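Just so it is clear, none of the values below were taken in a lab; they were calculated from the coordinates. Everything numeric in this text was worked out from a predicted model, so none of it was measured. A quick note on method: Cβ atoms are made from the backbone with ideal geometry, for glycine too, and the neighbour counts reach across all protein chains shown.
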Amino acid sequence: MTHDSRSSVQHKRAKRLCAHADIRITPMIIKIIILGFLDAFSLYSAFLLLSSQRWLLFTALITITVVVNWVYWSKNKLPAKYLIPGLVFLFIFQMFAIVYSSYVAFTNYGTGHNVDKSHAISSIVQASLEKVPESATVPITVVKCGGDYGFLYSDSEGNYLLGTAETPSQKVDVETDANGLPAVPGCESLDFAGLLEHQNDITELSVPVSTDLRDGMLRTSDGTSAFVFRSTLEYDAKNDTFTDTQTGEVYRDTGSGSFVSASGKQLSPGWKINVGFANFVKAFSAKEIRGSFVNVFLWTIEYSLISVASTFALGLFLAVAFNNSRMKGRRFYRSILILPYAFPGFLSALVWAGLLNEKFGFINQVLLGGADIPWLQSPVLAKVSVLVVNLWLGFPYMFLVCMGALQSIPEDISEAAKLDGASAWQIFRLIKFPLLLVSVAPLLISSFAMTFNNFNLIYMLTSGGPVNSESQLNVGSTDILISMVYKLAFVGANRDYGLASAFAIIIFFIVALISAIGFRMSKSLEEVN
């Protein structure tokens, strides 16, 4: 072999080695970049959670980050590398929601009870502040220290004091800034433009004069002068009571998450406490809730059963009709039939709400010649409308499922039955339908569970209406359990997150029980077949 040929071989070998090295290095670089971004984001989030003392979330974040790094830097965890992304999102969007809802269900969390006790006491004092009649005008300079606003002012002895909403006034050393305003190192003194920009925050600010809240608080309306305000409710930390300085009425912590007087008067806000099973007891025992819950529950069962039965019946009928090989244009018709399934469900519900509008809807104005039929205003017609729209949205899914199940049944069975003299109806009723049920029964159960919690259709089509005048809760004639829970938690002035979470857990067990019974029945059906 000549020198040139040997050099050529070595050159080609070197190129192959470099290419192989590039192939191995590129994924490593990508992995380093992705994990680097993930670790940086996790570290930043961990500091935020640590500073706000969110210990549970902090621990969960650190654990997930460590596990992800351990799995992806390991050479022998190939299955885990595929499972980890799904498990992380499962934990974030499913497990965390379940655990947090379970926690909230055992608290009084809701309107008037959404802070801890110390913040509730501070809010009560703030809400009862009144200007002291003999209060002198106190010249102030508004300063911004970090993210907090405060007042800088001088006392009668010429000492400068600085206080914020969280920190009572205390002596500080003062300098003069470039604008000639008194300034404190580390804080920014606001000029007139700054006062205008942040006027809402400044006018809502209350600065304690001292560590004793009875000395009052400074408040301002213009950012240049302040007055002393005192609370008409005096808090006694030793006895844990509030006393009305005008009437002498005493408010005590009764263990219900609020300060309550002997006459039953309650101070607002309260604070969040653990109430045990009180929300679950209230869900079944409170008269104003029990009646509405029973009515909504019965309608939810009725709606779910009729919806699943009707969509399955129509889907099966169409599947049988279009499973005939002699029909021409089957592919075209199948494509047309699945269009409602391809269109987003919540948009379809909004379109149907417009079509069913009593005054301007296409159905009343065009199809029925200007009729005024209250499709969404009448309790009975609204329920019928919900069932019809759900049939429109659900039958394509059942059509696809039944079509696949029918095509999986061997034709030899039908041919053998024909030779034995069975009619087409007998073949379907005695052979195909039982075999089809074995395949689709689990899907019918999952469809029932989905329909049971089909919030989108109810909310987009009727918003739960029309209003049920007999109900003492904020629920309508077409509300199902999940929409009732939504209204308890997020609609109206009094939002009860604890009760709503309790209902969510109840719904979970109802669906789990019905699904377990359904799966047992489908298993027995499979054994029979």
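If you count, for each residue, the other Cβ atoms within 10 Å and average over each peptide, how do 58-68, 239-249, 119-129 line up from highest to lowest? Walk me through the numbers before you get to the answer.
Working: 58-68: 15.7, 239-249: 13.8, 119-129: 17.5.
By packing density, highest mean first, the sequence is 119-129, 58-68, 239-249.
For segment 186-339, report the % of Cα-Cα distances exceeding 20 Å.
76
Listed highest first by mean packing, meaning other Cβ atoms within 10 Å per residue, what order do 267-277, 105-115, 358-368 come in? Don't skip to the answer; put the middle values down first.
Details: 267-277: 17.2, 105-115: 19.7, 358-368: 13.8.
Top to bottom by mean Cβ count within 10 Å: 105-115, 267-277, 358-368.
Which distance in nm do the two modelled labels at Glu166 and Trp73 give, with both placed 7 Å along the Cα-to-Cβ direction?
Between Glu166 and Trp73, the label points sit 3.4 nm apart.
State the answer as a single residue: which of Ile29, Ile98, Leu57 lies farthest towards the positive end of the charge dipole of segment 19-105, with beta carbon charges of +1 for Lys and Arg and -1 for Asp and Glu, about the Cα centre.
Ile29
Counting only Cα, what are the radius of gyration and maximum Cα-Cα distance Dmax of segment 108-190, in Å?
16.3, 52
When N counts the residues of segment 408-473, how does its alpha-carbon radius of gyration compare numerically with 2.2 N^0.38 Å, as a ratio?
On the way: Rg = 21.3 Å, N = 66, 2.2 N^0.38 = 10.8 Å.
Relative to the 2.2 N^0.38 Å estimate, segment 408-473 comes out at 1.97.
Return the subset of Lys418/Lys523; Lys117/Lys272; Lys31/Lys77 for which the Cα-Cα distance in this structure is over 18 Å, preserving the input order. Show your work: numbers first, answer last.
Working: Lys418/Lys523 29 Å; Lys117/Lys272 7 Å; Lys31/Lys77 15 Å.
Too far apart for the 18 Å limit: Lys418/Lys523.
Applying 1/(1 + (r/R0)^6) with R0 = 30 Å to the Cβ-Cβ distance of Gln365 and Ala321, what FRET efficiency is obtained, to the nearest 0.05?
Details: r = 33 Å, r/R0 = 1.10.
Result of the calculation: an efficiency of 0.35.
How long are the three semi-axes of the equivalent ellipsoid of segment 389-529, in whole Å, if each is the root of 5 times an eigenvalue of the C-alpha gyration tensor, listed from largest down?
Values: eigenvalues 363, 56, 23 Å².
Semi-axes (√(5λ), whole Å): 43, 17, 11.
What percent of all Cα-Cα pairs in the chain falls in each 20 Å bin, counting up from 0?
14, 30, 32, 17, 6, 0
Quote the relative contact order of segment 283-527 in percent (integer), defining contacts as alpha-carbon pairs under 8 Å separated by 6+ residues.
26
Sorted by packing (mean other beta-carbon atoms within 10 Å per residue), highest first, where do 404-410, 289-295 land?
Values: 404-410: 13.7, 289-295: 16.7.
For the peptides 404-410, 289-295, the packing ranking is 289-295, 404-410.
Quick one: net charge of Arg219's neighbours, Cβ under 12 Å, K/R +1, D/E -1? Provide the component values of the computation, followed by the final result.
Numbers: positive: Lys131, Arg230; negative: Glu130, Glu204, Asp222.
Spelling it out: positives minus negatives among the neighbours equals -1.
Per the Kirkwood definition applied to all pairs of different Cα atoms, how many angstroms is the hydrodynamic radius of segment 442-492?
On the way: mean 1/r = 0.0870 Å⁻¹.
Evaluated over segment 442-492, this radius sits at 11.5 Å.
By Kyte-Doolittle mean hydropathy of at least -0.5 and Cα axial length of at least 24 Å, which whole DSSP H helices of the chain are selected? Walk me through the numbers before you get to the answer.
Numbers: long enough: 3-51 (70 Å, 0.45); 55-73 (27 Å, 1.69); 287-322 (52 Å, 1.22); 379-407 (41 Å, 1.57); 433-452 (26 Å, 1.97); 497-528 (46 Å, 1.51).
Taking the DSSP H segments of the chain (at least 24 Å long, mean hydropathy at least -0.5), we get 3-51, 55-73, 287-322, 379-407, 433-452, 497-528.
At 4 °C and a viscosity of 1.567 mPa s, what translational diffusion coefficient does Stokes-Einstein give for segment 462-529, taking Rh as the Kirkwood radius over Cα pairs? Give it in µm²/s as a whole number. Working shown, then result.
Numbers: Rh = 13.9 Å.
In µm²/s, the coefficient rounds to 93.
If you build the Cα gyration tensor of segment 271-316 and take the root of 5 times each eigenvalue, what three semi-axes come out, in whole angstrom, biggest first? Write out the running numbers ahead of the final one.
Values: eigenvalues 251, 33, 8 Å².
After scaling each eigenvalue by five and taking roots: 35, 13, 6 Å.
What 222 nm value per residue comes from the helices of the chain, counting each DSSP H run with n ≥ 4 as -39,500 (n - 2.57) and dividing by all residues, nearest 500 deg cm²/dmol? Provide the component values of the computation, followed by the final result.
Numbers: 19 runs with 291 residues, N = 529.
When only DSSP H runs of four or more count, the value is -18000 deg cm²/dmol.
Looking at the calculated P(r) for segment 31-146, what percent of the C-alpha pair distances fall above 20 Å?
Details: 4388 of 6670 pairs.
Within segment 31-146, distances greater than 20 Å cover 66 percent of Cα pairs.
With 10 angstrom as the radius, rank Tyr341, Tyr82 by how many other C-beta atoms surround their C-beta, starting from the fewest.
So the residues, fewest neighbours to most, are Tyr82, Tyr341.
Rounded to two decimals, what is the ratio between the C-alpha radius of gyration of segment 117-261 and 2.2 N^0.38 Å?
On the way: Rg = 16.7 Å, N = 145, 2.2 N^0.38 = 14.6 Å.
Expressed relative to 2.2 N^0.38 Å, the Cα Rg reads 1.14.
Under 14 Å from a label point 7 Å along Cα→Cβ of Ile301: give me every residue in segment 456-485 with its amide N that close.
Inside the label zone: 481.
Would you please calculate the Kirkwood hydrodynamic radius of segment 283-527 over all C-alpha pairs and express it in Å, rounded to one decimal?
20.2
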